[in-house]
Amino acid sequence: MRIGNCALCQATNVTLRDSHILPKCFYRRVRDATAANPNPLHIESGKKVQTSKQITQHLLCQDCEQKLANGCEAYVAREIAYQANGDCPLYKKLGYASTVTNVALPAPRHAVDCSSLQVQHLIDFAVSIFWRSAVASVSGTNSFTLPSQVSDLLRSYLLNHGHELGSIPITLSVLDQPRGLVANAFHRLFMVPGSHRANGYRLHGFLLCGLYFTMAEGSAIPPENFQCSLAHAKTPCLAFSVAANLKVLKNISDLARTT
């Protein structure tokens, strides 16, 4: 038990939970009990490492801990992300079938209408992890930062259950695992939020069990980020990014290297 100030509601002298920066349920998902080394694959500093370490910090009071979960973590883990057996329930939910026949060939992303999903849960999930990572000061996240005005906006969003995100687009790409191909083990990959600076804006992203969430902030964000934004697009959509899509994998690699 630790007494301190809650990072979210800013209550003082309260009992702080040892909060997971990445939800605890995902750590169980990315372990492979049948492998000689059951630990998950963590992309860090441009390299893949296997580690049992879970990133936690005494950050939130009990009420705020529950507020951030708010059903979104269980929904993303059970209904959206790749499962331990390599299946991805999102395909059935959206009636989408992979068209990939050769993982060695790059192909464009396929945008899919996701308005039938609980889109608010997807946004809440992404914002929560970006914000927690930005305000945490533990190994694994202490190199990830956000401008104070962006961090304050995300905090306000979380406190008010869906306050406006302003001009900050949140996007979701699902790494498209071709049916029957399990060698890439996307369900075991994770990457804490990292940042990549482009012309006039910064792109932030994290990877969990085949889900690649990004958030952009700055004065010159490309229009396509808003066109695919879960919060800004007229019809919310996500993208299935073919496993061989070099641009998507390069984005992930850049984020991992520059964190």
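No value in this document is a laboratory result; all are computed from the given coordinates. This one's a predicted model, so the numbers in the text were calculated from it and none came from an experiment. Neighbour counts are summed over all protein chains in view; Cβ atoms, including those assigned to glycine, are modelled from backbone coordinates with ideal geometry.
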(request) Take GLU217, GLU79 and order them by how many other Cβ atoms sit within 10 Å, fewest up front. (result) GLU79, GLU217
(message) Based on alpha-carbon centroids, what's the gap between the stretch 78-97 and the stretch 1-19 in Å, whole number please?
(response) 36 Å
(message) Less than 13 Å Cβ to Cβ from VAL127, Lys/Arg counted +1 and Asp/Glu -1: what total charge do the surrounding residues give?
(response) -2
(request) Would you calculate the separation in nanometres between label points at LYS234 and ALA220, each defined as 7 Å from the Cα along the Cα-to-beta-carbon direction? (result) 2.8 nm
(request) May I ask you to sort ARG132, ARG78 by Cβ crowding, counting other Cβ atoms within 10 Å and putting the fewest first? (result) ARG78, ARG132
(request) Please give the contour-minus-distance gain from ASP63 to ASP87: 0.36 nm per residue of separation, less the Cα-Cα distance, rounded to one decimal in nm. (result) 5.3 nm
